[in-house]
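Asker: The structure's right below; bear with me while I get my questions together.
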Amino acid sequence: MPTEEQVRESLEEVLVPGVMRSLVKLNLVRQIAISNQKVDISLASAALDESTQDWLKAKVKDVIKRLPEVKDVETGFIEAKPKDVNEIGGVIAVMSGKGGVGKSLVAGLAALSLARSGHEVGILDADITGPSIPRMFGITDRPMGSDTGILPVLSRTGIEIMSINLFLAHEDDAVIWRGPLIGKAVTQFWEEVLWGQLDYLIVDLPPGTADVPLTVMQSLPLSGVVIVFSPQELAAMVVRKAVKMAREAMHIPILGVVENMSYFVIPETGKRVELFGKSRAEEMAKAAGAPLLGQIPIDPELARLCDQGDIERYDSELVRTFGEAFIQAISARGISRDRGRERQK
């Protein structure tokens, strides 16, 4: 007879329609019992409609009956909500004091760096009124689910993504909501989306220090914050506001700072030009009391790929350096998958 471990390994083959992650990675496998050549499997019903459940029953039976000495397979579903089964190792917010500094870009690059390092990653796009994550990743599929929850959409490289833009009829439709309703949407994305087992969830916050960032910091168990800014003096001033909000008001550790649009390299000469003024990277790192994770230049190729929905194809030495610094900052704070995942509250 097969062992429970062998059954779980076989269940890795069963990909849930609509998200295309396995039953195991979505943490839907609740119990496995093996006796008398029969395997009984209990799955959580979170975010799965009846047709999906029926399909999974047939698929599980087909896969498990291939194991030696298995004559019968019984699959049942236990009522559960996503927040009952989600297990997320670290929740990291990316924030900025003002808009237009490339916060969503840094969130996307941070998620890519983690995924390329072999981690299971998701992005929660909390910028409800200005969502840009789906466009950067080229995602247009609408999320599936049921009355018990929502399934995230998987990017080309396997990053789970949830954004309000995936529910709109047209991506340029405006979301004209007041603060409390926006905050409620973010809370729903945390509690009602079936994230499953993730090493890290990146949260792309809206800019500023108003209602929604405050709601996220109060509602989600944030492991740390990355602050993004650009070289302009005004941006530097509002960075200090973001630092005070995260560290002093909410007591959330700042993992590091990132200066975006730091400079432009003239292709013909290789000369660096600081288009938006002298870099304030070291100054901002000192003000935040956190490491400088990177200085990202203005790169027309990166802008082109983001506009085309192909950010996952982008690669450069500078981005690799940022990724290494980001992962090192996470490890330095003990926010790693090696310490295990905690059940979502």
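Laboratory data are not the source of any read-out in this text; all were calculated from the coordinates shown. Quantities reported herein were computed from a predicted structural model and do not represent experimental measurements. With ideal geometry, Cβ positions are generated from the backbone for all residues, glycine too; neighbour counts draw on all protein chains shown.
Asker: Show me the GluC sites (Glu not before Pro) within the stretch 51-123 that DSSP assigns to loop and that have at most 15 other Cβ atoms within 10 Å of their Cβ.
Answerer: Answer by residue number: Glu69, Glu79.
Asker: With r defined as the distance between the Cβ atoms of Leu275 and Glu12 and R0 fixed at 45 Å, what FRET efficiency is calculated, to the nearest 0.05? Could the numbers behind the result be given before it?
Answerer: Details: r = 48 Å, r/R0 = 1.08.
Approximately 0.40, to the nearest 0.05.
Asker: Here's another thing I want to ask about it. Counting only residues 5 or more places away or on other chains, whose amide H sits under 5 Å from the amide H of Val39 once H atoms are built in the peptide plane?
Answerer: So Val39 has HN proximity to Asp72, Val73, Glu74.
Asker: Separate question: Cα-Cα over 29 Å: which of Lys81/Lys103; Lys59/Lys81; Lys241/Lys278; Lys103/Lys244; Lys81/Lys241? Can you show the working numbers first?
Answerer: Numbers: Lys81/Lys103 31 Å; Lys59/Lys81 22 Å; Lys241/Lys278 21 Å; Lys103/Lys244 18 Å; Lys81/Lys241 37 Å.
Over 29 Å Cα-Cα: Lys81/Lys103; Lys81/Lys241.
Asker: How many percent of the alpha carbon pairs in the stretch 100-223 exceed a separation of 25 Å?
Answerer: Counting pairs separated by more than 25 Å, the tail of P(r) holds 16 percent.
Asker: Which net charge results when you count Lys and Arg as +1 and Asp and Glu as -1 among the other residues whose beta-carbon is under 14 Å from that of Asp310? Before the final figure, lay out the partial values.
Answerer: Details: positive: Arg135, Arg156, Arg304, Arg313; negative: Asp299, Glu301, Asp307, Glu312, Asp315.
Surrounding charge for Asp310 is -1.
Asker: Let me ask another. Indicate the helices, whole DSSP H runs only, in the chain that combine a mean Kyte-Doolittle hydropathy of -0.5 or more with a Cα extent along their long axis of 15 angstrom or more. It would help to have the intermediate numbers written out before the result.
Answerer: Values: long enough: 50-64 (21 Å, -0.64); 103-116 (20 Å, 1.16); 179-191 (18 Å, 0.17); 233-243 (16 Å, 1.07); 317-332 (22 Å, 0.69).
Answer set is 103-116, 179-191, 233-243, 317-332.
Asker: When the gyration tensor of the stretch 4-80 is built from Cα positions, what are the square roots of 5 times its three eigenvalues, in whole Å, from largest to smallest? Before the final figure, lay out the partial values.
Answerer: Details: eigenvalues 76, 30, 25 Å².
Values for the stretch 4-80, descending: 20, 12, 11 Å.
Asker: Something else about it: Students often check this: by mean Cβ neighbours within 10 Å, which of 93-104, 1-12 ranks highest, and how do the rest follow? Write down the numbers at each step before the final one.
Answerer: On the way: 93-104: 23.6, 1-12: 15.6.
Output ranking for 93-104, 1-12: 93-104, 1-12.
Asker: Here is a further query. Taking a cut-off of 20 Å between Cα atoms, list the lysines near Lys65, but don't count ones fewer than 8 places away on the same chain.
Answerer: Counting by Cα, and skipping residues close in sequence, Lys65 has these lysines nearby: Lys38, Lys57.
Asker: Between His251 and Gln188, what is the spin-label point distance in nm, taking each point 7 Å from the Cα along the Cα→C-beta axis?
Answerer: The two pseudo-label positions are separated by 3.2 nm.
Asker: Still on this structure, please answer the following. Could you calculate the contour length gain from Ile266 to Ala287, that is, 0.36 nm times the residue separation minus the distance between their Cα atoms, to one decimal place in nm? All intermediate terms of the calculation are to be shown ahead of the outcome.
Answerer: Details: separation 21, 0.36 × 21 = 7.56 nm, distance 3.07 nm.
Between Ile266 and Ala287, full extension yields 4.5 nm more.
Asker: Measure out, as a whole number of angstrom, how far apart the alpha-carbon centroids of the stretch 6-75 and the stretch 290-332 sit.
Answerer: Here the two parts' Cα centres lie 38 Å apart.
Asker: Could you work out how much longer the chain between Ser316 and Phe167 gets when fully extended? Use 0.36 nm per residue separation minus the Cα distance between them, nm to one decimal. Spell out each step's value before the answer.
Answerer: Working: separation 149, 0.36 × 149 = 53.64 nm, distance 3.28 nm.
Value of the extension gain: 50.4 nm.
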